[in-house]
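Structure first, commentary second.
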Amino acid sequence: MANKHDNQHDDQPVMDGTTYPVDNAVVAEIDSYQEADAAAKALQQAGFASDTINVFKGPEALARIHERERELSPWERLWRKFRNFGGNEDINQENRMRALAEGHALIAVLTPHDEDVERAHRVLVEYHAKLIRAFGNATVTSLPSKVETSAGG
């Protein structure tokens, strides 16, 4: 059953969690659909608008992503290949696609400011997120699956 986080609006660019996002975002894998839904709610409680959060669940989401990819123009496909070429992004994309195929969830949240990245990261870690990546204009940063806390507090 789909929830409101599963659907994309046709008039918005797809932020499918598997390709480099158009805007700054944090993307992570969460094993359990229930934890992914809970993480999405916690992100909203942390101040992120619901329309900036997307949850993609398993093979059904993967099928929708492939369907969307088939609808891209040749130029859009070329641009995606160019953006993802080189470095580790191709491997990261394969890992995210594999996670969906294996029945895991991906969660993506738009993070326009550095403090948004930190806030999203803290929430996602609470919900056992892994393979957490912060996507900037020209950078991809791997974030740890644990958040350090200060001593005594």
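Residue 102: at pLDDT 70 or above and surrounded by fewer than 21 Cβ atoms within 10 Å (Cβ to Cβ), yes or no?
Working: at pLDDT 70 or above: yes; surrounded by fewer than 21 Cβ atoms within 10 Å (Cβ to Cβ): yes.
For residue 102, the condition - at pLDDT 70 or above and surrounded by fewer than 21 Cβ atoms within 10 Å (Cβ to Cβ) - is met.
Does residue 116 satisfy the criteria of being farther than 16 Å from residue 27 by Cβ, modelled with pLDDT of 90 or more and within 16 Å of the chain's Cα centre (by Cα)? Can you show your working first?
Numbers: farther than 16 Å from residue 27 by Cβ: no; modelled with pLDDT of 90 or more: yes; within 16 Å of the chain's Cα centre (by Cα): yes.
Judged against the criteria, residue 116 is not a match.
How about the range 100-112: which of its residues are over 12 Å from residue 32 (Cβ atoms) and touching a residue at least 60 places away in the same chain (Cβ under 8 Å)? Steps first, answer last, please.
Narrowing the range 100-112 to residues over 12 Å from residue 32 (Cβ atoms): 100-102, 106, 108-112.
Within the range 100-112, 100, 106, 108, 109, 110, 111, 112 qualify.
Would you mind telling me which numbered condition in (1) under 22 Å from residue 119 (Cβ atoms); (2) modelled with pLDDT under 95; (3) over 10 Å from the mean Cα position of the chain (by Cα); (4) part of a loop (DSSP other than H, G, I, E, B) residue 14 fails?
(1)
Just name the residue that is surrounded by the most Cβ atoms within 10 Å (Cβ to Cβ) out of those in the range 54-90 that are within 14 Å of the chain's Cα centre (by Cα), modelled with pLDDT of 80 or more and not hydrophobic (A, V, I, L, M, F, W, C).
54
Going residue by residue through the range 34-53, is there one that turns out to be within 23 Å of residue 140 (Cα to Cα), at pLDDT below 75 and surrounded by 15 or more Cβ atoms within 10 Å (Cβ to Cβ)?
No, because not a single residue in the range 34-53 is within 23 Å of residue 140 (Cα to Cα), at pLDDT below 75 and surrounded by 15 or more Cβ atoms within 10 Å (Cβ to Cβ).
The values are calculated or read from the model by the stated rules, or taken from the named source; none is laboratory data. Because the structure is a prediction, the values reported are computed rather than measured. Virtual Cβ from ideal backbone geometry, glycine too; neighbours counted across all protein chains shown.
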